[in-house]
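Since the structure comes first, as structure tokens, the remarks are kept for the end.
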Amino acid sequence: MIAEVLLVLAGHSSSLFPTDHNLHPAFRPLLHPGEEQCLEALGHIASRYRNIKKACATLSRSKSRYVCALCATLNQILKDEYEKLVVDTEAKVLKRDPDLVANGSFVPLSAVRATFAEWDSPLTALETLMNQLQAQKHWQPGPLIDMLLARSKTGVYRIADIISRLSVAVQRVWRSQLSAFLVHGSLTSSDPLASEDFTLLDGTMPSCVSPQTKESIVYVGRAIATIKAKKWQNQLPRERALEYANLLETVLPQDQYKFDLVISQIRTNASEWLWLNVLTRKDVEDAVISLASYFLLRNGEFNLALIREIERLKISRLTIRSGAASVIREQDLNLALLRASLGTTAQHDPSLLHLHFELPSGPLRPLLPSLANSKALSSSVASNSPEVTSFDDLLLGTNLILSYNVTWPLDLFLHPSDLQIYAALFNYLSSLRKTHTQIHTCWTSLSNAQRARRRWTGLGEGGTAEDLEARRELLRCGWGVVRDMGWFLDTFLGYIMIDVVDVEFRRLKDLLGNPNRGRAESVGKHPTSQNIASQANADPSTYLDFTTLRNIHTTYLERLLTGCLLSNPALTAILRPIFEVCERFVAQVERWGGDVLPALLFEGSLAPGGDDKVGAMVQERFQVVSEINGSLHKLLNLFYEQLSLSTSQQPFTATGDTSKSILMNASVANATTLQRTSIRGKGFKGFEGEGEVRRHVERLLLRLDFNGAFSKPASEQIP
């Protein structure tokens, strides 16, 4: 009977257990209850073992190499440990081992049961695992690894050990596919990690791989594959490919820190090689100039023409009554880009073809600017809410994103996160430029209207004795509002474009031409950087390694964000209402026919009921202008106060969190978070760091308070 039990434990069928683990009824009268319980427990173990072996045989025919690797590893574990235990137990019985055979002739079933008790829990867990694998037709490597890692986190050591080995086996197969993609740029036909356009497929990456590492994998794999596909003259050296493969062999994705470190090292080394052999400095300089011209508004004539073209597009759509033709689409905005370039320096610029607009919300009908005052405006500003303020909708009235098509090999240098920061800066600067242009247009309109009126009224403003003084006060108040708006926008735009954009761009150009100024003295070199530097044919004084290039550009963007005050949510929460108040005033003046004063014959006619009396329209307009004037000065005072506080409280450094907050409302296609490298001023001679940005802001404070209007108490100011 013991031989029969051992055969059952080895996976063979027997008349003792005709179905599963249930003992045959004919044997029950012959057995003691304790023996019956031991046999049924052994039958449970044997039944689970048979089910596991049967499931492994079925799953081994799967098309997934990962499931096949798991089954092969599990069969080997069962062969080396469980089946060996069965054979060893049989050998002990035959050798009459005193630990198992009592008195040299009797083998208690309880002893056999105790021998195999250690496999109760592991076989139960493995049977559940096999059932879960069979329940799903196709397993992607990412969910499979995640599931195995989750199951291995248990307090039972044997279960954790076995499933951990299964997980390692699957991860090794996944690592070999990753190595083929990273080192050789090749993708398998079955279960590829990425698509033909080198986008990671869903389920190919385990959750333990960070978003930054995923982006690095795509970056390196796409670069190597593109070089091979284009049959570039300089291919990745065999020694370097072998080095990358050896690095990958030392880590598994379950060890997240080491895995991320190795991928980062591979990316750094690959970037250095690409910078020396593929991407040229001229490509980088041309891209930086193009981005600064169009996203940072350094090409002033084109950007002014673009703002006017978008306004003309909105007006043309408002005058069309039919539904289909009155909708603004992306192609209309892209056509506006081309029209705006006519007659400007951008007309023959090939980089203009890389620009295109995106409407995340789809086509829309244009709307006129609102004339109503927002009641929640003052409360939201006064609360100093840390919520992100977006400027994406001020140019068109809905979210509008300017995108830049990055082609090979420039995408090695410009990452999607960089382009999103450029888009945020464009929305911010174009909103400021549009508001500034509208105020100047309003000033011209008021001046022309007053000049035309003075032809008939002489030196006064006309009107009857009843409303002469009211008309004078209304005109004075209107001119005061547009003067204050124009002065603030002139000052702020001059600060942004001259003290921030122009200064930072020139500093960037200097650093690209003389990288020794930007190379960090305190940052240690990578172990292979000496080999990389030795490959450079250029003069060491002008050699620019790729890591320094990326750090210089990253710092450049961070200083732009900080200098433009986009890194301070409290200030941006005040700037947007200022723009909106200015736009509201311009819209109100346009509605009144281009003048704050009503025409001399517009009121006082004989109307029924006597409501249309002399001076009623003047009083109505005076209330509107006075309310706008009060809102504007309140916002300007808040802005100056908050800007003064920021110089003493907030450090002027743009960190990764700042960039994330700027792009919180942006659509990030790969759902990755923005990873910024915070570069301190002390490491980069060309970027003086926090003190230089602080001096920029202090200059803005001096310009705003040149006559002490903000710093003096209200009681001391001249009325």
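The values are calculated or read from the model by the stated rules, or taken from the named source; none is laboratory data. The structure presented is a predicted model; accordingly, all values stated were derived computationally and were not measured. Using ideal geometry, Cβ is built from the backbone for each residue, glycine included, and neighbour counts are taken over all protein chains shown. Protein only, heavy atoms only, side chains kept; ligands, DNA and RNA dropped before computing areas. Shrake-Rupley method; radii C 1.70, N 1.55, O 1.52, S 1.80 Å.
Take every Cα pair under 8 Å whose residues are at least 6 apart in sequence, average their separation, divide by the length of region 224-347, and the relative contact order is 18 percent.
A 26 angstrom limit on the alpha carbon distance is what I want to check against. Which of K434/K634; K79/K153; K153/K214; K228/K258; K434/K712; K258/K282 exceed it? Please list the in-between numbers first.
Numbers: K434/K634 22 Å; K79/K153 24 Å; K153/K214 24 Å; K228/K258 29 Å; K434/K712 31 Å; K258/K282 36 Å.
Pairs exceeding the cut-off: K228/K258; K434/K712; K258/K282.
When each of the peptides 441-452, 214-225 is scored by how many other beta carbons lie within 10 Å of its residues on average, the order from highest to lowest is 214-225, 441-452. Reducing region 212-289 and region 180-211 to their Cα centroids gives an inter-centroid distance of 15 Å. Relative contact order of region 156-299: 24 percent, from C-alpha pairs under 8 Å at least 6 residues apart in sequence. The candidates S207, S60, S351, arranged from most to least accessible area with a 1.4 Å probe in the full protein assembly, appear as S207, S60, S351. Taking amide H positions as modeled 1.01 Å from N, with prolines and chain starts lacking one, the residues under 5 Å from V107 and 5 or more places away or on another chain are A102. Taking all Cα-Cα distances within region 60-152, those exceeding 17 Å account for 60%.
Taken one residue at a time, the phi angles of region 126-136 give Karplus couplings (6.51, -1.76, 1.60, θ = phi - 60°) of 5, 5, 5, 4, 5, 4, 5, 5, 6, 6, 10 Hz. Gly and Pro are set to x.
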